[in-house]
């Protein structure tokens with residue numbers, strides 16, 4: 001039986017890298033635009049290292065004054081949670097903004113249980129009063145900030161393809177700070193009573209939901 005013909009490549013090589021340095025089709029930098037040092041972190045399940053988790057650990061460990069984080073889902077792994085606890089212990093202002101409205105029941109209940117653990121460690125937790133928020137932002141001191149697609153959860157750390165852009169620039173960090181200050185004005189800070197005063201059935205639901213953290 002004759003062998004089938006070879007399968008042609010899905011894309012011509014020139015389509016894989018359509019733009020080259022100096023290509024006239026690439027727009028140049030506008031005059032007066034400041035230079036900003038950025039690093040793009042692309043992560044995924046095929047990474048040899050747990051790139052997203054390591055990024056958060058390193059960024060949190062670098063903080064000396066504050067770490068402000070917004071995330072729709074608060075299900076950190078032990079490495080990131082340990083970094084947050086250590087930041088609190090060295091006097092860093094650690095704040096995390098999460099939604100007050102859920103989009104996934106199990107994830108919301110697990111996040112609420114993790115929020116209670118974070119409160120016990122001295123991390124300040126804020127709920128966004130208008131409802132659900134989907135921004136993923138981290139501010140480190142007054143010199144760096146990151147934006148991207150990665151949540152503070154295990155799916156982003158290990159299972160999903162994510163993209164994070166870290167900008168080390170005081171001007172950009174200042175703009176992120178102003179944005180977060182405005183967002184915090186629409187939040188309310190929670191305390192342990194959110195968990196302790198919940199009905200017994202809901203506390204049990206939170207605990208069961210947290211068991212699924214490795215895949216949430």
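Figures for the structure shown
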quantity	calculated
Whole-percent pair-distance distribution, where bins are 10 Å wide, for the alpha carbons of region 109-202	14, 36, 39, 10, 1
Cα→Cβ-extended label distance, 7 Å offset, between residue 215 and residue 175, nm	4.1
Tail fraction, Cα-Cα pairs, region 72-131, threshold 15 Å, whole percent	47
Sorted by Cβ density within 10 Å, fewest first, the residues 69, 215	215, 69
Projected area, mean over directions - region 38-190, Cα convex hull, nm²	8.1
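Read the figures in this text as sums done on the coordinates, not as results from a lab. Owing to the predicted nature of the structure, the values given are computational and were not obtained by experimental measurement. Virtual Cβ from ideal backbone geometry, glycine too; neighbours counted across all protein chains shown.
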